[in-house]
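Before any comments, here is the structure.
The values are calculated or read from the model by the stated rules, or taken from the named source; none is laboratory data. All values derive from a computational prediction rather than experimental measurement. Methodologically, a virtual Cβ is constructed for each residue, glycine included, from the backbone with ideal geometry; neighbour enumeration extends over all protein chains shown. The area values use the complete protein model at the heavy-atom level, side chains included, leaving out ligands, DNA and RNA. Shrake-Rupley method; radii C 1.70, N 1.55, O 1.52, S 1.80 Å.
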Amino acid sequence: MDFALSEFQQLLKEQAERFVERDYGFEQRRAIIAAEPGFSPAHWRTFAELGWLGLPFAEDSGGFGGTVADLAILFEVFGRGLVVEPYLATVLGGLAVERGGSQAQKEAVLPGVMAGTRMLALASTETGGRPGALHVVTQARKVTGGWQLSGRKAVVLHGASADTLVVSARSHGAHDAPGGIGLFLVPAKAYGVKRRGYATIDGLRAAEIALDRVELGDDALLGEATSGFALLDGLLDVAAIAGCAEALGCMQALIDRTAEYLRTREQFGRKIGDFQVLQHALVDMYMAAEQARSITLAAALKADAPAPERQRLVAAARQFCAEAGRLVGQTAVQLHGGIGVTDELDVAHYFKRLTMLPVWFADNGQPLDRFIAASG
């Protein structure tokens with residue numbers, strides 16, 4: 001398997017690195033997350049101008065025809081900068097429209113997404129179900145001329161700032177059955193939609209969404225009312241790969257900062273990096289991150305493979321990255337001492353993001369269970 005970057009991917013990586021280095025300093029980021037809406041509208045316009053918002057969409061849709069591997073390159077750099085803009089939420093919503101929507105739906109939604117004038121959010125998570133299950137109790141009732149949705153969605157990433165919500169809802173069947181699930185385009189300001197936004201521990205924004213007999217037309221449904229499970233499952237795998245790539249960026253940033261700290265911090269009249277036990281701890285961080293990098297790249301390159309192969313690799317990447325992120329984050333904090341958990345040091349912010357990344361969009365199963373199921 002060839003892991004070398006293409007010319008386009010190398011240019012994308014360098015472009016993103018320049019942006020993070022120039023416009024996403026730690027203090028700049030702290031100012032952004034402290035104000036409403038929790039991200040920078042100016043940066044969002046830059047994303048559109050640089051073509052990042054059109055990256056994953058097909059050329060026929062007006063995008064650049066990028067792959068999930070291209071997205072992974074971008075998200076790794078986002079991880080190094082701890083970027084908080086609603087890129088993943090909007091991309092997932094846009095991919096739902098591109099993969100499951102009609103031509104009319106694509107023409108109505110995707111140009112605004114790529115221009116940066118329309119934000120989306122994937123509302124797929126609910127409370128009260130078995131952990132890891134695709135638990136959907138939000139009801140979609142067929143009515144004359146369309147649909148009526150009622151239910152609640154929890155921890156919707158950037159749900160408060162989205163113009164349109166992509167909502168999973170059930171037309172029939174048990175709460176955890178694969179059949180009966182559809183995905184619906186719901187205007188965020190539609191009558192019956194209530195949103196409660198809040199900041200998350202890792203500097204992002206999420207929302208609780210309540211849907212009370214929300215009336216929608218037939219054109220709100222993406223595909224068939226019973227075909228949403230496979231579409232949603234594929235979207236969650238894209239989200240998992242993006243999360244793994246972002247974790248790689250966070251881990252590399254922590255390794256770099258910890259190595260620098262060991263080179264400069266003195267204790268007992270010596271640089272603490274001279275102590276062999278601390279050198280070994282830094283090597284363990286590096287090895288864990290490199291193992292996670294290999295499986296993440298493999299999963300990204302196989303994102304369009306048949307479902308069992310894709311699911312197996314994505315599950316393996318999720319598990320490796322969760323374990324590696326825990327080791328790297330905890331070791332970085334430990335080696336920095338008490339200052340490692342203070343808000344004034346970026347190490348604590350990377351640690352928080354690494355803690356949360358395995359949780360975001362993790363509602364398509366626990367990785368080990370999913371790996372076993374996909375392996376037959």
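So here's what we get for this one:
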read-out	value
Only listed residue being surrounded by fewer than 23 Cβ atoms within 10 Å (Cβ to Cβ) and touching a helix residue (DSSP H, G or I) at 6+ places or on another chain (Cβ under 6 Å), chosen from Ala242, Ala247, Ala177, Ala253	Ala253
Inter-residue pairs, beta-carbon under 7 Å, first open to solvent by less than 70 Å² (accessible area, probe 1.4 Å) and in region 256-284, second of a type in the set (Lys, Arg), 6+ apart	Ile272/Arg265; Gly273/Arg263
Per-region count, region 208-220, residues free of Cβ contacts under 8 Å to residues at least 60 places away in the same chain and not acidic (Asp, Glu)	1
Residue, most open to solvent (accessible area, probe 1.4 Å), within region 333-376, restricted to residues that are at pLDDT 90 or above and of a type in the set (S, T, N, Q)	Gln334
Residue satisfying condition, being among the charged types (D, E, K, R), surrounded by 17 or more Cβ atoms within 10 Å (Cβ to Cβ) and at negative phi, within set Glu76, Glu107, Glu14, Glu21	Glu76
Residue count for region 39-64, restricted to those that are free of Cβ contacts under 8 Å to residues at least 12 places away in the same chain and open to solvent by less than 20 Å² (accessible area, probe 1.4 Å)	0
Residues (without any contact (Cβ under 8 Å) to a residue 12 or more places away in the chain, open to solvent by less than 70 Å² (accessible area, probe 1.4 Å) and either assigned to a loop (DSSP other than H, G, I, E, B) or closer than 17 Å to Leu71 by Cβ (or both)) located in region 24-38	Gly25, Ala35
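Here's the yes/no breakdown for (1) crowded, with 16+ Cβ neighbours inside 10 Å; (2) aliphatic (A, V, I, L, M); (3) part of a loop (DSSP other than H, G, I, E, B):
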site: Ala162; (1), (2), (3): yes, yes, yes
site: Phe184; (1), (2), (3): yes, no, no
site: Gly197; (1), (2), (3): yes, no, no
site: Asp202; (1), (2), (3): yes, no, yes
site: Ile209; (1), (2), (3): yes, yes, no
site: Leu216; (1), (2), (3): yes, yes, no
site: Asp219; (1), (2), (3): no, no, no
